[in-house]
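Below is one structure, written out as structure tokens, with a few remarks after it.
The values are calculated or read from the model by the stated rules, or taken from the named source; none is laboratory data. Since we're looking at a predicted model, the values are computed, not measured. Cβ atoms come from the backbone with ideal geometry, glycine included; neighbour counts cover every protein chain shown.
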Amino acid sequence: MYKFPIGVIVDSFRIAIPDAVKKAAEIGAQGIQVYSSNGEMAPENLSQSKRIEFKNLVADNGLVISALCGDLGGGGFVYKDRNPQKVEKSKRILDLAKELGTDIVTTHIGVVPQDKNSDRYKIMQEACFELSRYADSIDAHFAIETGPETSLTLKGFLDELGSTGVGVNLDPANLVMVTGDNPVNAVYNLKDYIVHTHAKDGIQNFYLDPNIVYGMPDTENILAESEHVTEGDSFTETPLGEGNVPFKEYLEALTDIGYKGFLTIEREAGDDPAKDIKTAVDFLKGLIY
């Protein structure tokens, strides 16, 4: 039997963060993840007293922080002129993560091209190289969320960095919904880099080029700086256990590679996220305990 701690992205509850943290504890989670890219939990908006207050809130509810979410939107790190500012902001989010007691910041970096000689590939590599070295220097990880490209393409990109400072946040639903990649195979392909996972489920209605889904600059669907892909005609996010993620085999693969980190529930769709998150906790507990 596999056994992993269960986390919840508190923003998924769509209520005030203090109430969401308490709700996560009430439904049986062991940890939480929170968005720190903007808003009240962004480093520039979180005073020292607020940082201490948040740490105490999490601890008082018997929880730990599995990771922060540092997704800065706007295509990730595909725009060379925007990257210096984004890289510095990402570093500050990682500093905050360490202060709050976690070593992991999850993020989207854009769609990694298959062509390693493309300008976009080189621009993304440059940004991620700097991020990886900074993360290494403070014993932490920026974790790229899977989905925009296949696991083999992502592995090749990461192998060239020569570091685990930039690792992987494995989201099996994104792989199913966008690239059509097999999450079980992805676990084995990315085994050296997985430091965090999202527990999410979904189906692909039809294949659509990930560059279009994620609004890359060489498509007509360019995302605004603050946008984050949560839905589209080509895919449907479902409650856990109702999509095409083969969770039993997926958890077996995570166990096989020795992963011991969090399964952090993310629910970005649906009219009753609290109900869906509770269902997800119960679903995972039925598999792992």
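Any idea which residue in region 122-144 is farthest from the chain's Cα centre (by Cα), counting only those that are surrounded by fewer than 18 Cβ atoms within 10 Å (Cβ to Cβ) and farther than 16 Å from Pro84 by Cβ?
Filtering region 122-144 for residues that are surrounded by fewer than 18 Cβ atoms within 10 Å (Cβ to Cβ) and farther than 16 Å from Pro84 by Cβ, the one farthest from the chain's Cα centre (by Cα) comes out as Ser137.
Condition check ((1) among the aliphatic types (A, V, I, L, M); (2) assigned to a strand (DSSP E or B)) across all residues:
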position: Val112; (1), (2): yes, no
position: Tyr121; (1), (2): no, no
position: Glu130; (1), (2): no, no
position: Pro148; (1), (2): no, no
position: Lys155; (1), (2): no, no
position: Gly167; (1), (2): no, yes
position: Lys191; (1), (2): no, no
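Within region 158-176, identify whether any single residue is touching a Pro at 6+ places or on another chain (Cβ under 9 Å) and among the hydroxyl-bearing types (Ser, Thr, Tyr), and answer yes or no.
no
Across region 209-252, which residue is modelled with the lowest pLDDT among those that are over 19 Å from the mean Cα position of the chain (by Cα) and not in a loop (DSSP other than H, G, I, E, B)?
Of everything passing the filter in region 209-252, Ile212 is modelled with the lowest pLDDT.
Where the second residue is at pLDDT 95 or above and not in a helix (DSSP H, G or I) and the first is of a type in the set (Phe, Trp, Tyr) and lies in region 56-78, which pairs have Cβ atoms under 8 Å and are six or more apart or on separate chains?
What qualifies is Phe77/Ile109; Phe77/Gly110.
Any idea which of (1) more than 30 Å from Asp19 (Cβ to Cβ); (2) touching a residue at least 40 places away in the same chain (Cβ under 8 Å); (3) surrounded by fewer than 20 Cβ atoms within 10 Å (Cβ to Cβ) is the one Gln85 doesn't satisfy?
If we test Gln85 against (1) more than 30 Å from Asp19 (Cβ to Cβ); (2) touching a residue at least 40 places away in the same chain (Cβ under 8 Å); (3) surrounded by fewer than 20 Cβ atoms within 10 Å (Cβ to Cβ), just (2) comes out false.
Is one or more of the residues making up region 188-195 surrounded by fewer than 17 Cβ atoms within 10 Å (Cβ to Cβ), of a type in the set (D, E, K, R), modelled with pLDDT of 95 or more and touching a Leu at 6+ places or on another chain (Cβ under 9 Å)?
There is at least one residue in region 188-195 that is surrounded by fewer than 17 Cβ atoms within 10 Å (Cβ to Cβ), of a type in the set (D, E, K, R), modelled with pLDDT of 95 or more and touching a Leu at 6+ places or on another chain (Cβ under 9 Å).
Right, Asp181: closer than 25 Å to Leu46 by Cβ and of a type outside the set (Gly, Ala, Ser) or not?
no
Please determine whether any residue of region 196-203 is farther than 19 Å from Arg267 by Cα, more than 17 Å from the chain's Cα centre (by Cα), surrounded by fewer than 24 Cβ atoms within 10 Å (Cβ to Cβ) and in contact (Cβ under 8 Å) with a residue 12 or more places away in the chain.
Looking for residues that are farther than 19 Å from Arg267 by Cα, more than 17 Å from the chain's Cα centre (by Cα), surrounded by fewer than 24 Cβ atoms within 10 Å (Cβ to Cβ) and in contact (Cβ under 8 Å) with a residue 12 or more places away in the chain, one finds none in region 196-203, hence no.
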